[in-house]
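Worksheet for the structure shown next.
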Amino acid sequence: MDLISGRIDYLPMNNRPVIRWPDNARLALWISPNIEHYEFFPKKNPLRDAWPRTPHPDIQQYSYRDYGNRVGFWRMLEVIDHHQLRCTASLNLGVLELYPQIKEAMIRRDWAFMGHGIFNTQFLHGMDEDQEREWIQANQKLLYDHTGKKLLGLFGPNGSSTEVTSDLMAEEGMLYHCEYWHDDQPTPLNVRSGQLISVPYSIEINDSPTINNGFGEIDRFCQSIRDQFDRLYAEGESTGKVMCIGLHPYIIGKPHRIEAFNEVLTYILGHPLVWQTTADEIAKYFMEHYYEQFVQHAKTLQEKYGLSGRLDQ
C-alpha cells in the first residue's frame, strides 16, 4: 500500500494491466467547467479561512467570480457547442437553485455532474463523520431532485476533504473521487467498504492556478494543454491515458482568452483516436473492465515486494 495513507496501492506506470478505451482510443479526454457560487457573506471556517480575502464583504473577489455566471459561462458555452463537447461540470450544487438558466443549459446538453459541494465557500474541514455523511446525502439529493441523475463523483468544495471522505463516498454508492492528483490513469482507492476509484483531474492545465494565480497567461496555458496532450496521446498507443482540462468561466470566459482556447480544442479534436467523454463514463468503463485487474495486480506486486500492510500505523 501507499506508505503514507494506505489509501492508494503503488502501481508503477511501466508495470500495469493495459487499458484500451472504446474504439481503441489512445486518450480519454474530459472537459470540466467549474460552475460555482461564492457567498457574499460566507460563514467563517477557522480550519481554512481562504475566503474571503478581506473582511466581509469581499466585493472585488465576489464580483470577479460572479462574472463567470453572468458572462463567462455563456461565452465559454459558444466554444463548447462549436466543438460539440459533452462536459462534466464540477458543480456547486446550489447553482441548480440560484441560476436556473445555467441549469437548463447544462441539462439540455446532457452534461455529467461531479459534485463540488453546495457553495465554494463552505468547506468540509471541521465536519465529523455523521455531518459529512449527511452532507454527501444532501448533495446527492440536490442533484437528483433537479436533474434526475445520480451523483457519481466528487471534488470537494475549494479542494477540501477529510480523512474519511473517500470511505463515505463509497458507502453512499459513488464511483470516483477527483482529489488525488497522482496519476494519468484511473486507479482503485482502498476504502472501508464498497469500491471507489480516482479519476485523473489536472491542476497544471487548469485555468485557475495557471492563469488566475499569476503563473502565466492564455498563451502559456494553451501551450501547456498542447504539450500534455501530445505526450499522453503518444503514450496512449501502448495503454490508454486520461486527460482533464479544468476550466472556470470567470477566467477562460474573458474576451481576450476565449479564441486561444477555441484554437487549442480544434488542435486536440483534430486527432482521430480521442475519446471525448465525461468523468462519469470513464469511471463506469474502468470499473467494468479494469478495476479487478488493477486490484489483483497490486496485490501481486505487494506480495512480490513485501509491501502489504500499512506502515504508517
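The values are calculated or read from the model by the stated rules, or taken from the named source; none is laboratory data. Just so you know, these numbers come straight off a predicted model, no measurement behind them. Neighbour counts are summed over all protein chains in view; Cβ atoms, including those assigned to glycine, are modelled from backbone coordinates with ideal geometry.
Only one residue in 31, 102 is buried (at least 18 other Cβ atoms within 10 Å of the Cβ), at pLDDT 95 or above and not in a helix (DSSP H, G or I). Which one? Can you show your working first?
On the way: 102 fails: not in a helix (DSSP H, G or I).
Result of the check over 31, 102: 31.
Working only within segment 254-280, note down all residues that are in a loop (DSSP other than H, G, I, E, B) and surrounded by fewer than 18 Cβ atoms within 10 Å (Cβ to Cβ).
From segment 254-280, those in a loop (DSSP other than H, G, I, E, B) are 254-257, 270-273, 278; that's our starting set.
Matches in segment 254-280: 255, 256, 270, 271, 272, 273.
Figure legend. Inter-residue proximity from segment 193-217: first residues modelled with pLDDT under 90, second residues in a loop (DSSP other than H, G, I, E, B) and aliphatic (A, V, I, L, M), beta-carbon distance below 8 Å, spacing 6+ or different chains. Indicated pairs: 209/203.
The set of residues from segment 166-192 being outside any loop (DSSP other than H, G, I, E, B), without any contact (Cβ under 8 Å) to a residue 60 or more places away in the chain and under 12 Å from the mean Cα position of the chain (by Cα) comprises just one member, 177.
Considering 202, 198, 238, 208, which residue is more than 14 Å from the chain's Cα centre (by Cα) and of a type in the set (S, T, N, Q)?
On the way: 202 fails: more than 14 Å from the chain's Cα centre (by Cα); 198 fails: more than 14 Å from the chain's Cα centre (by Cα); 208 fails: more than 14 Å from the chain's Cα centre (by Cα).
Exactly one residue qualifies, and that residue is 238.
Pairing residues of segment 103-123 that are farther than 21 Å from residue 177 by Cα with residues that are of a type in the set (Val, Ile, Thr) and part of a helix (DSSP H, G or I), at Cβ distances under 6 Å and at least 6 apart in sequence or on separate chains, gives 107/147. Looking across segment 162-201 at every residue that is touching a strand residue (DSSP E or B) at 6+ places or on another chain (Cβ under 8 Å) and of a type in the set (S, T, N, Q), the one that is nearest to residue 38 (Cα to Cα) is identified as 165.
Residue by residue, here is whether (1) crowded, with 21+ Cβ neighbours inside 10 Å; (2) of a type in the set (Val, Ile, Thr) holds:
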{"position": "130", "(1), (2)": "no, no"}
{"position": "138", "(1), (2)": "no, no"}
{"position": "144", "(1), (2)": "no, no"}
{"position": "151", "(1), (2)": "yes, no"}
{"position": "159", "(1), (2)": "no, no"}
{"position": "162", "(1), (2)": "no, yes"}
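Counting only residues that are aromatic (Phe, Trp, Tyr) and touching a Leu at 6+ places or on another chain (Cβ under 6 Å), segment 193-241 holds 1 of them.
When the criteria are applied in full, residue 138 fails the requirement of being under 29 Å from residue 261 (Cβ atoms) and among the aliphatic types (A, V, I, L, M).
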